[in-house]
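Colleague: The structure under discussion is supplied below as structure tokens; questions concerning it will follow.
The values are calculated or read from the model by the stated rules, or taken from the named source; none is laboratory data. These figures come from a predicted structure and were not determined experimentally. Positions of Cβ are backbone-derived with ideal geometry, glycine not excepted, and every protein chain shown enters the neighbour counts.
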Amino acid sequence: MALFGFSRRWQDKADDAAEEQAPQFPGSNAPGSQARADLLERISEFLLRNALEINPRNLLIAHAAFSGSSLGLARKLTVAQTAGQITQEWLDEAVADDPELALGGDKSEGVRTRMDNSLKAFGETARRASAATGEYGAALSEHASQFTQDSGKIDVARLVEMTHAMIERTRQVEEEMRRSEQEAQSLRASLARAQRDAEIDHLTGLPNRRAFEAVYAREYREARAAVDSLSIAICDIDKFKRINDTFGHETGDRVIQAIGEVLAQISNDRCHVARHGGEEFVMLFRGLNAEEARKQLDFAREAFGKRHFVNKATDEPIGFITFSAGVANVFGYDDPRAALHAADEALYRAKEGGRNQVMVA
């Protein structure tokens, strides 16, 4: 059975009996226009059927799930839809751990708007300065003409008055332009920070899903041109919901940070790791086939599984925590999105097969 383009698949988030469903995304072989039409239909049907507001934030969330850019969110939606649980409150909570979706977009847009306004104000100041200079020149020209006509009678008082007025205008314009330049410098720095922040997961310090997708697109183009191997992996912490429910979100955050550190240790210029959302991480291995990537990731899995966690608040032992992963050869599929989906399917075969293992699609 399929709902809104999702097909059923098992997932363990809370305990051994927990069942969830995973996404079946629009077919990659469909013509581009048809695929876009199918995606739009799924988004519209989802929002209307669940009586959700059609606003930019909800559209962003729905697009993330149905386009395949957020696999974890897609699985959450499928389970909640089956149970009839989807409300605006539920949706807000479902994306609360994803800053990109929770905030409803790129916060650098606000800085860009302020930058545009600052540039407009700067242009207006420059226009006024030019107009003032023109007026002063015209007044001097008129006075020179009168001087010639009146046989050398100079109105010194008038000339001094015009000069003082021009000096004051010039001082005001210089002050306005100085303030505008300072504001522009501040905004440029804010924009740079906002752009960096938009691509960083602040819990782990790793790139987020948005940044990873840009790297994925670039590496896909370059690896294909160089006839180089490219593999993608998705990792998911085993029984993470149980950890959160039992020991609290602070402990859950510490576990997420710990796995981020382990995965970051094997990353380099040809191996990229990012937090994909929630307890999921995604990795890209350039120059490695799927089996070679599996071996590298399996080494990290073993190292992580040997760590013994303790609840810092109570000194209560948590025990060993594991993760599962799925790996796919990117060029074994029609497009990058299909390869990501294949890795996700392999991940959940690893879950069904007992967890704490890495499987190849």
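Colleague: Can you pull out the residues in segment 284-316 that are acidic (Asp, Glu), part of a helix (DSSP H, G or I) and free of Cβ contacts under 8 Å to residues at least 60 places away in the same chain?
Modeller: Of all residues in segment 284-316, those acidic (Asp, Glu) come to 291-292, 298, 302, 315-316.
Subsequent filtering for residues that are part of a helix (DSSP H, G or I) retains 291-292, 298, 302.
The answer is Glu302, and nothing else.
This table checks each residue for (1) surrounded by 14 or more Cβ atoms within 10 Å (Cβ to Cβ); (2) outside the structural domain of Val282 (by TED's automatic domain parsing); (3) in contact (Cβ under 8 Å) with a residue 60 or more places away in the chain.
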site: Leu203; (1), (2), (3): yes, yes, yes
site: Ala225; (1), (2), (3): no, no, no
site: Ser231; (1), (2), (3): yes, no, yes
site: Cys235; (1), (2), (3): yes, no, yes
site: Asp245; (1), (2), (3): no, no, yes
site: Val255; (1), (2), (3): yes, no, yes
site: Ser267; (1), (2), (3): yes, no, no
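Colleague: Report whether or not Leu263 is part of a helix (DSSP H, G or I) and either in the same structural domain as Tyr216 (by TED's automatic domain parsing) or over 24 Å from the mean Cα position of the chain (by Cα) (or both).
Modeller: Values: part of a helix (DSSP H, G or I): yes; either in the same structural domain as Tyr216 (by TED's automatic domain parsing) or over 24 Å from the mean Cα position of the chain (by Cα) (or both): yes.
So Leu263 fits the description; yes.
Colleague: On to the next question. Testing Ala14 on (1) of a type in the set (A, V, I, L, M); (2) modelled with pLDDT of 65 or more; (3) not in a helix (DSSP H, G or I), one condition comes back false. Which one is that?
Modeller: (2)
Colleague: Still on this structure, please answer the following. What pairs come out if I take residues in segment 70-92 that are under 15 Å from Asn58 (Cα atoms) and pair them with residues that are among the aromatic types (Phe, Trp, Tyr) whose C-beta lies under 9 Å away, six or more apart or interchain?
Modeller: Ala74/Phe6; Ala74/Phe25; Ala74/Phe66; Leu77/Phe4; Leu77/Phe6; Leu77/Phe46; Leu77/Phe66; Ile86/Phe46
For (1) among the acidic types (Asp, Glu); (2) on the phi > 0 side of the Ramachandran plot; (3) part of a helix (DSSP H, G or I), each residue gets a yes or a no:
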| residue | (1), (2), (3) |
| --- | --- |
| Val215 | no, no, yes |
| Glu219 | yes, no, yes |
| Ala225 | no, no, yes |
| Ile232 | no, no, no |
| Thr246 | no, no, yes |
| Val255 | no, no, yes |
| His272 | no, no, no |
| Val282 | no, no, no |
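Colleague: What residue, of Gly248, Gly252, Gly260, Gly278, is in contact with an Asp or Glu (Cβ under 6 Å, 6 or more places away or on another chain), at pLDDT below 95 and not aromatic (Phe, Trp, Tyr)?
Modeller: Values: Gly248 fails: in contact with an Asp or Glu (Cβ under 6 Å, 6 or more places away or on another chain); Gly252 fails: in contact with an Asp or Glu (Cβ under 6 Å, 6 or more places away or on another chain); Gly260 fails: in contact with an Asp or Glu (Cβ under 6 Å, 6 or more places away or on another chain).
None of the other options fit; the residue is Gly278.
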